[in-house]
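Quick note: the coordinates plus some simple rules give every number you see, no bench work behind them. Computed from a predicted model, the values in this text were never measured in an experiment. Cβ: placed from backbone, ideal geometry, glycine included. Neighbour counts: every protein chain shown.
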Amino acid sequence: MNRAAAAVVANPDDVTALEWDEACRAVSETLLSACGSPRLIEVAGKFYNQSRRFKLALLREGRIDFSAREKRLGALQKAVLTRDGASALALLEEDIRADLGA
């Protein structure tokens, strides 16, 4: 994810944007895979696909703060690894809202 983010910041063309988006999807899918619910994973995948165009539009418009995003994702990783579910959920919600420009 960090390599993809650095690449898209350095060169925000269509190829790197899609690679970054796929890295974002991989992180999302990895987090969800632990839930063990195929239905939840499927629904989350649908929501991801529906929100994708908005995130890519924000990227094209230069409206994504990659520094803040990196800090949020680092904190999320720490929360997940320490099994701090409440913090992980709050950080994930914050990241989703930021990705959608909310």
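Brief remarks follow.
- Screening the chain for whole DSSP H helices of 18 Å or more along their axis (Cα) with average Kyte-Doolittle hydropathy at least 0.0 returns 14-33, 85-99.
- Dividing the summed -39500 (n - 2.57) terms of all DSSP H runs of n ≥ 4 by the residue count of the chain sets its mean residue ellipticity at 222 nm at -27000 deg cm²/dmol.
- Residue order, fewest to most beta carbons within 10 Å, for ASP84, ASP95, ASP14: ASP14, ASP84, ASP95
- Given the chain, longest segment not containing exposed loop trypsin sites (Lys or Arg not before Pro) (DSSP; at most 11 other Cβ within 10 Å): 1-62
- Look at (i) 22, 16, 12; (ii) 32, 18, 15; (iii) 18, 16, 13: the one that is semi-axes √(5λ) of the Cα gyration tensor in Å derived from this structure is (i).
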